[in-house]
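No lab work stands behind these numbers, since they all come straight from the coordinates. Note that the structure is a prediction, hence the values are computed from the model and not measured. Please note: Cβ atoms are built from the backbone with ideal geometry, for glycine as well, and neighbour counts cover all protein chains shown.
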């Protein structure tokens, strides 16, 4: 279980320090939890605080009761947190096979690496030896990022807007991947998304706005009204 | 062969044993073994140190190994090797130099290689430089490669210097005739106080000739690298030069790509990018459970693969 206790995060801005996350308290142990809310509301910052990329200005973060507030990215990864980037990075020279092996923590045979690629709908034979460089499309990179998370299969996996930057066709497949993941996953999935079809899979939907939790409940409680015209404009940040 | 020599041979040529096919092993300035085949002759020069490698026209799928081993401290070895690749041949040449310097004196190997590539011949040339040894003596290599490619000929040159060479000045000069192609992939890693300079000059003299010169390098510690590349488009041709470097610690890298179009149909491109490893790359690998140092190693190894 992941627990955030009174977590705040401030960053330097032109007008001095700005509070980006403000006194957030959350306990997450459902199988599939979604963060949604307007752009700039603090969702990605919260995800980065959980992964250890940012350290909180105040408050504590606990994983299965252990205080991980001061743990590094590496330590948190080893304790069981995975983090799939919103914009996956490209590596000159490293192949898809290399990255899946690094994610798994051991050198996989091509057949083993292929099972993870097949899970995300990539024809494994075509991809296994490809370099993770600019020749891959945004959708392909996203799926490789998800395959890495599958290979790790940790207690908590955080996905930051998996739908961002991919075409409609890939998006349809992505939903299928997440539906399948929901059925098979052992740990918890925490997903940041604006997409109703992804939020629909979630056991719990948490709305983050202005660095705070503004709504929190089951999808039946939170989703109605969330996609009305008024809230859509709130979600897209055009307030 | 003793253990040191076997290790050098493995590092520079990937060879565990005496190679099959044609070879010439040069050790501490002298020939230490040679084999020729029906299509490949190796002849010792009479006017200066070195050999002529003669490959008959039409020779296909043969390999020549030319390792150079330096294990005596204080030795300066200068060698001239001339390669004649006959028309329509298609061969692989693996050369390389390994220095093991256990003493306090300077060890140096300067190889001057001239390639004459016949009409429609294809050559893949692989060259690895490697240095080791517990001594304080410098390990120096200054290779010069001169290439002439006849009509329709093709040469692919893969060079790597990954470890242990204190100072290197690598010179490459090439002249290409009609429809000739030159592809160069160079990999360099320097560390400590090492210096490495690579200096390419390619004359695209022939119609529809083409050159693609790519260098990938990593400079660590206080090392310094200089990349010079000059492509002259003297006819309707395609030329591309690219330097991609990662700079770390207190190292420095300079890239000076230059292209000259002396013909209206010359299409030339140069690219150069130098920078540190992007933070996002390190973070991504750290979220997979690697330490920062392990992440850095993976990125560097991949980049120089």
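Between residue A:39 and residue B:185, what FRET efficiency follows from the Cβ-Cβ distance if R0 is 60 Å, with the result rounded to 0.05?
Efficiency at R0 = 60 Å is approximately 0.90.
Can you give the FRET efficiency to the nearest 0.05 for residue B:171 and residue A:214, using r as the Cβ-Cβ distance and R₀ = 51 Å?
That gives a FRET efficiency of 0.15.
Based on DSSP, what percent of beta bridges with both residues in the range A:2-235 are antiparallel, to the nearest 5?
55 percent
Counting DSSP beta bridges with both partners in the protein assembly as shown, what percentage is antiparallel, nearest 5?
Roughly 15 percent of the DSSP beta bridges within the protein assembly as shown come out antiparallel.
Measuring from label point to label point, each 7 Å out along Cα→Cβ, what is the residue B:92 to residue B:201 span in nm?
It is 3.3 nm.
Measuring from label point to label point, each 7 Å out along Cα→Cβ, what is the residue B:136 to residue B:269 span in nm?
It is 5.0 nm.
How fast does the protein assembly as shown diffuse by Stokes-Einstein, in µm²/s, taking the Kirkwood radius from C-alpha pairs at 10 °C and 1.306 mPa s?
59 µm²/s
Give me the three principal axis extents of the range B:3-278 from the C-alpha atoms, as integers in angstrom, largest value leading.
Computed over the range B:3-278, the largest-to-smallest principal extents equal 56, 52, 33 Å.
Under 18 Å from the 7 Å Cα→Cβ point of residue B:214, by amide nitrogen: which residues of the range B:166-182?
B:181-182
Counting only other chains, and only Cβ atoms inside 10 Å, what mean value do you get across the residues of A:68-80?
Partner-chain Cβ atoms within 10 Å, mean over residues of A:68-80: 3.
Please report the antiparallel percentage of DSSP beta bridges with both residues in chain B, rounded to the nearest 5.
So the antiparallel bridges in chain B amount to around 5 percent.
Per DSSP H run of at least 4 residues, take -39500 (n - 2.57); add these up for chain A, divide by its residues and hand me the 222 nm value, nearest 500 deg cm²/dmol.
That comes out to -10000 deg cm²/dmol.
Taking 0.36 nm per intervening residue step and subtracting the Cα-Cα distance, what contour gain separates residue A:106 from residue A:23 on full extension?
Using 0.36 nm per residue and subtracting the Cα-Cα distance, I get 26.0 nm.
How big is the gap, in Å, between the Cα center of the range A:164-217 and the Cα center of the range B:28-87?
Taking the Cα centre of the range B:28-87 as reference, the centre of the range A:164-217 is 64 Å away.
Give, in nm to one decimal, the length gained when the segment between residue B:158 and residue B:254 is fully stretched (0.36 nm per residue of separation minus the Cα-Cα distance).
Contour length minus Cα-Cα distance gives 32.4 nm.
Name the residues of the range B:213-242 whose amide N is less than 16 Å from a point 7 angstrom out from the Cα of residue B:261 along the C-beta direction?
Label zone hits: B:231-241.
Treat each spin label as a single point 7 Å out from the Cα along the C-beta direction, and report the residue B:291 to residue B:276 distance in nm.
For residue B:291 paired with residue B:276, the spin-label model returns 1.9 nm.
R0 = 35 Å: FRET efficiency of residue A:123 with residue B:124, Cβ-based, nearest 0.05?
0.70
In Å, what Rg and Dmax follow from the Cα atoms of the range A:2-235?
Expressed in Å, the Cα Rg and Dmax of the range A:2-235 come to 17.7, 54.
Which parts of the range B:138-163 would a label at residue B:226 reach, counting a residue when its backbone N lies under 18 Å from a point 7 Å out along Cα-to-Cβ?
B:140-145
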